[in-house]
Amino acid sequence: MRGNEGDGKLVTNLQFRITQRLRDDASLRQRGWDSYGADPIQDAALDAADALYARWQAVPTNSGGVQLELHTSGWDIELEIGPDGQPRGALVRWGPTDAKIDAN
């Protein structure tokens, strides 16, 4: 399901805000940013997150909610949001493995 040109700008702006916050946090560029010896966040990881985020689709559900979906490179991720705005469940499939989470 594709939106109009205005919707594309909204997605791009939201995507930018999410990853830009991580890019701007200088503490994440230092080893041990989590106080447990974590490696510094890398630009390649942020760039991949940007590219992946751009592939998400939102589709309506028959219950009046919205389902966010990502289908790429052998991954299937689906997050269902009910008509009341609350999470309903999630499906993550990678290769032959399924993990279903019911929020109820």
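Read-outs throughout are calculated quantities, based only on the coordinates presented, and are distinct from any laboratory measurement. This is a predicted model, so every value here is computed, not measured. Ideal geometry is used to build each Cβ from the backbone, glycine not excepted, and the neighbour counts take in all protein chains shown.
Could you list the chymotrypsin sites (Phe, Trp or Tyr not before Pro) in the stretch 25-97 that lie in coil according to DSSP, counting only those with at most 10 other Cβ atoms within 10 Å of their Cβ? Please list the in-between numbers first.
On the way: sites: 33, 36, 53, 56, 75, 94; in loops: 33, 36, 56.
Answer in residue order: 36.
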Diffing the stretch 59-75: the Karplus 3J(HN,Hα) column from phi (6.51, -1.76, 1.60, θ = phi - 60°), in whole Hz with x for Gly and Pro, holds 10, x, 9, 6, 9, x, x, 9, 10, 8, 10, 9, 10, 7, 6, x, 9
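Relative to the present Cα-Cα distance, how much length would full extension add between residue 21 and residue 48 at 0.36 nm per residue of separation?
On the way: separation 27, 0.36 × 27 = 9.72 nm, distance 1.53 nm.
Between residue 21 and residue 48, full extension yields an extra 8.2 nm.
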